[in-house]
Structures are given as structure tokens and as C-alpha cells.
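Working notes, beginning with the structure itself.
The values are calculated or read from the model by the stated rules, or taken from the named source; none is laboratory data. Predicted, not measured: the structure shown is a model, and the values here were computed from it. Note that we place each Cβ from the backbone using ideal geometry, even for glycine, and neighbour counts take in every protein chain shown.
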Amino acid sequence: MKQITHWINGKPWVGTASRRGKIFDPATGLQTGEVDFATVAEVDAAVDAATAAFPAWRATSLAKRTSSLFALRELLASHIDDVADILTSEHGKVKADAAGEVSRGLEVVEFACGIAQLMKGEFTENASTGVNVHSLRQPLGVVAGITPFNFPAMVPLWMFPLAIACGNTFVLKPSEKDPSASIFLAEMVAEAGFPEGVFNVVHGDREAVDRILTHPGIAAVSFVGSTAVARHVYETAAHEGKRVQALGGAKNHMVVLPDADMGDAAEAAVSAGFGSAGERCMAASVLVAVGGCGDELVERIQARVTRLTVGNGTNADSEMGPLVTAEHRDRVASYLAIGEAEGAKIAIDGRDREVKGASAGYWLGPCLMDEVSVDMRVYTDEIFGPVLSMIRVDTLDDALSLIERNMYGNGAAIFTGDGAAAQRFETEVAAGMVGINVAVPVPVAYFSFGGWNSSLFGDLHIYGPDGVRFYTQSKVVTSRWQNIRQHHSSLAFPSGSGSDKANKEGSKK
Ligand code: NAD
């Protein structure tokens, strides 16, 4: 069985863990390893290593940082398959989906390779006579990332490449359910030439997280996970005076207008609803059928799901794998009974789904609940599994209004052939990321990712230009090299015209 431990100061941590978690293969239900849970002292050791590495790292030239980022890019690109295998073995997602996850993380490393351009400040000559003004972006210090189980490689990659490119040092606390990918990433960071202590990993649960949130040596925290924990992270870290971005859960609506190509829409709903077994924060979880297109959508989804292969993610023909843990599978499956009791109609029941070549494992086939209404728990709760709920409404107005009233606001998509309707949707919908005939509108790495309402606490979205803003603080420098004494001869508050007067007087003398 594999033993996963922390990565501190460029190497695996040597120590005896007082608490450990179990790692399972979700497709077989077998335990495959154990992961050490960090104590407060071990989190402190990681922060100490990051603190010690910071002065030299922030002073390292952009050229050298960029060269290490390029090396990391090459290593990651050449190991996509290896990382994908790790993801499939601990998360359960199918290999092609896992490789897609790594590629989307790789995009952020590529974006970070342009750090020299991204860190550029601004310069104004002669703001007042003889006075120049320029701005700098500088790193914050030690920053931390806390990440969820559903993207064990991509979400850490949303954070640390850009954070360290900006000159910060980093402490990552990945999900304890699938921790191995973070250590593989740490090994690549070391091989790429980043100095010891620039990137550290501590494993664990709430004990480690709470130490990160209150540690006085940590300047900023990026969090991605469920809304309840995101709120706790935001409130605690902000109370401690840290900069925080805390991305939470989601309930993403996919609106289908009657003029849409129903074949395209059904295919997209299946892909966005059941890909990665629905364990994506950008999964389509509510299908909003407008103006009577619901029956045709249900029929087409049923037909597609009949052909969908559920199985071990290591099989090349599997399209959907298991859920991450037995408890999570049971919780997700329980929503079918809850929905039925609330009056929803089960149009596809994944509980009796046959799984090719597998017996044990945390299986639940694709599920579709029809005739769902906004007061039902299956609508208000984030289920986070392969369960699509369909709500039928009369008009686009109705669809926009129900999205507006939902507590989340991560992504929203519309399927239509009508440009005016799409344009209106884009303008009015209450969500941070919008798809038009795109069901999973995750922004590319040179835009930023983030939702609205209870899907994000904080001001700045993650990665992209907002990521650079989050991981740097700005400084504005005003400088004068002429007539310095004349300018300061008055005690009046310095103003542009006042300093012009002082300059004129200075030049007369
Ligand atoms: P989670 O909130 O249970 O865990 C996230 C992280 O917080 C993990 O590292 C975990 O160890 C830690 N944690 C868990 N409980 C904690 C507690 N009580 N106190 C302190 N730390 C705690 O989330 P998860 O189940 O790993 O991931 C799924 C959730 O993440 C879903 O809600 C999903 O929507 C969300 N998610 C959101 C985004 C986004 O971008 N908005 C992206 C991916 C996942």
C-alpha cells in the first residue's frame, strides 16, 4: 500500500503521523494507501520553509522564474498520462477525462510563463512638472491553497503556478481523498528547478486547514470546495487579516429554448451532466426546458444514456466512472428517493445500472429527474453526482428568473439558434460564467474563473488576470529629481498646480 506524506522544503517529510486517512480505488472499493494528516507543528514547518525561501525567491529575476516555469510546462506536458492514471486510480474519473483535467491545468502553467508581461507596471512621465509616477506589482509572501477532491491536479494548478510566478512561496493543502497527484506535481516542481521551500504540500483535514487560516505567517488563502467550507474559510481568514478568495459549490442551469437543435442539446446535457459522474463544479445539474421542449429532450437523453458505458475509468471504452467514496455515492443516490417523495418523476434511474466488469466500487449510473420544482431539495441542494433535474418553464423570462433566485451562480448555459435570445441571456443571467451553445463554460487560462453569490466569497476570480491581481499587491511610486527644496518649502498639501508653481519659482532662482 502506498504511503503519502507531506512535501516540505523540496523533499518528502520525515516524521511519524499521529493521524492518517485511507485512500481507496473508487472503481474496486479497495484501499490502496494511506495519507498522513498534518499536525499544527507540521503545517508550521511548511510555513517556515516557505518563509525562509521567500526573500531569495522574490529577488529571483523574472527571466529565471520564467525559465523554471517553462521547464515545469515541459515536464507536465510529457507526464499528462502519468498524472491522469493517478487521478483515475483515486478519483475514479475515466482516463480521457483525467487527461483533459491535466491539460486544463497545464494551460495555467503556460499562462504563467508570460509572467514578465503580466507583472509589468505603469509609468507616467511629468505627472506634475518634473514628477514621474510609476506602479509596481509585488508578491505577498507565503500564500496557501486548499483544494477539493474533484480536480486533484487542475485546481492546485489554478493556483500555485501563478502564485510562485509572481514571486510568492506556496503551501498547498490538497483533498485528503485523492492526495497523490499533488506529490507528483511537487516532484515536478523540484525537477523544474524551483528552489527548496518555494512549493510545499501538507495533507490533512480541518486541523491543517484551520492552522493555515490562522497562521500569522500566511498572507493570502485561495480555497476551492463546498459552499459551507468556503464560507468558513472566507470568514476565518478575513478575520485574521488575510487576503482570501473562496470558491464554493454550484447548481448550474442549462437552459434549452424550443428553437435549439434538440439533438445537440441532449448530447450536451448528457456530457455536461454525467461527465466525471457529475462531480464537477461546472456540471450541468438543472436542465431548464423552455416552451414545451421537455418531452423531446427526455426521450433523446434516455436514448443516449442507454448507449452510455459506465465502468472502470481505466477501460478505454468507459465514458463514466464511479463516485469518489461509498458515503458520497450513498448520499447522491439518496436524492432519488428524496426527489420521488417530493413529487419529482424519475425518468432515468441509475441505481440499477449495470456496470461493465465491476462488482464492488462506488457506482451510480446516470439519473434524470423530471417535473422538478424550485421548492424541492433536489433543486435547492448541490447533489454533486450524476443526477440531472429537469424543470419545465414557459418562457426565457421564467428561466432567467429562476436562475436569479437560486443561491448559487457559478455557471449557466443556453442552447438556442436565436442570437437575440442568447444576447439577452448573456446580459441578464445571474452567473459568473456563461455558455452559449457551450454546456461547460470553463474559461480558458487567460480569462479568470469564478462564480457569483454563494459560489464565490471574495473579490477576485481565480487564475488569469484576476489571479495575478490576487497574488500581488500594488505599489505606486512618485519621484522628483529637480527643485526638490523649493517644492517642499510650503506646508500646503502637495497638488499638481502647487508643485507647478514651486517649479516655476525654482527655475526663476
Ligand atoms: P470540501 O469543501 O468538502 O473540501 C474542500 C477542502 O476543504 C478539502 O481540502 C478538505 O480537506 C477541506 N475541508 C473539508 N471540510 C472542512 C472543514 N470542515 N473545515 C476546514 N476544511 C475542510 O469539498 P469537496 O467535497 O472536496 O469538493 C466538492 C465541492 O467543491 C463541491 O461543492 C464543488 O461544487 C466544489 N467545487 C467548486 C469549484 C469552484 O470553482 N467553485 C471547483 C471545484 C469544486
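If you check V374 against the conditions, is it away from the ligand (no atom under 16 Å from the Cβ), assigned by TED's automatic domain parsing to the domain that holds G275 and among the β-branched types (V, I, T)? Against the criterion (away from the ligand (no atom under 16 Å from the Cβ), assigned by TED's automatic domain parsing to the domain that holds G275 and among the β-branched types (V, I, T)), V374 qualifies.
What do you reckon, is R353 under 21 Å from P26 (Cβ atoms), within 16 Å of the ligand (Cβ to nearest atom) and of a type in the set (D, E, K, R)? When the stated conditions are applied, R353 does not pass them. The residues of segment 349-372 that are of a type in the set (G, A, S) and over 29 Å from the mean Cα position of the chain (by Cα), listed by number, are G357, A358, S359, A360.
With respect to (1) free of Cβ contacts under 8 Å to residues at least 60 places away in the same chain; (2) in a loop (DSSP other than H, G, I, E, B); (3) within 16 Å of the ligand (Cβ to nearest atom), the lone exception for V434 is condition (2). Please go through segment 337-357 and pick out each residue that is small (G, A, S) and loosely packed, with under 14 Cβ neighbours inside 10 Å. Within segment 337-357, A337, A341, G343, G357 meet the criteria. Can you tell me which of (1) of a type outside the set (F, W, Y); (2) surrounded by 24 or more Cβ atoms within 10 Å (Cβ to Cβ); (3) more than 16 Å from the ligand (Cβ to nearest atom) is the one P195 doesn't meet? The number of the failed condition is (2).
Residue check: S226 meets all listed conditions (1) touching a residue at least 60 places away in the same chain (Cβ under 8 Å); (2) crowded, with 21+ Cβ neighbours inside 10 Å; (3) within 30 Å of D381 (Cα to Cα); (4) not basic (K, R) but one, namely (2). Those residues that are more than 16 Å from the ligand (Cβ to nearest atom) and touching a residue at least 12 places away in the same chain (Cβ under 8 Å), I need them from segment 275-297; list them, please. Hits for segment 275-297 are L287, V288, A289, V290, G291, G292, C293, G294, E296, L297.
Within segment 392-403, does at least one residue satisfy the condition of being among the polar types (S, T, N, Q), at pLDDT 95 or above and touching a strand residue (DSSP E or B) at 6+ places or on another chain (Cβ under 8 Å)? Yes, segment 392-403 contains at least one residue that is among the polar types (S, T, N, Q), at pLDDT 95 or above and touching a strand residue (DSSP E or B) at 6+ places or on another chain (Cβ under 8 Å). When each of A45, A49, A53 is tested for being without any contact (Cβ under 8 Å) to a residue 60 or more places away in the chain and outside the structural domain of W363 (by TED's automatic domain parsing), the lone residue that passes is A45. Here V270 meets each of (1) crowded, with 21+ Cβ neighbours inside 10 Å; (2) more than 15 Å from the ligand (Cβ to nearest atom); (3) over 24 Å from H91 (Cβ atoms) with one exception, condition (3). Restricting attention to segment 162-218, the residues being under 25 Å from H328 (Cα atoms) and of a type outside the set (D, E, K, R) number 13. Each residue in segment 1-37 was checked for being among the β-branched types (V, I, T) and in a strand (DSSP E or B), and 5 pass. For segment 231-243, filtering for residues that are buried (at least 24 other Cβ atoms within 10 Å of the Cβ) and either closer than 17 Å to V155 by Cα or near the ligand (Cβ under 10 Å from one of its atoms) (or both) leaves 1.
Kindly indicate whether G21 is surrounded by 15 or more Cβ atoms within 10 Å (Cβ to Cβ), at positive phi and either in the same structural domain as S182 (by TED's automatic domain parsing) or at pLDDT 95 or above (or both). Before the answer, list the steps.
Values: surrounded by 15 or more Cβ atoms within 10 Å (Cβ to Cβ): yes; at positive phi: no; either in the same structural domain as S182 (by TED's automatic domain parsing) or at pLDDT 95 or above (or both): yes.
Here the answer is no, as G21 does not meet what is asked.
Selection within segment 206-230: residues that are farther than 18 Å from S175 by Cβ and among the small types (G, A, S). The member of this set that is nearest to the ligand (Cβ to nearest atom) is A220. Within segment 54-69, the residues that satisfy the criterion of being of a type in the set (A, V, I, L, M) and under 24 Å from L106 (Cβ atoms) are L62, A63, L69.
On the given criteria, is G409 within 16 Å of the ligand (Cβ to nearest atom), touching a Ser or Thr at 6+ places or on another chain (Cβ under 8 Å) and small (G, A, S)? Yes; evaluated as a whole, the condition is true for this residue.
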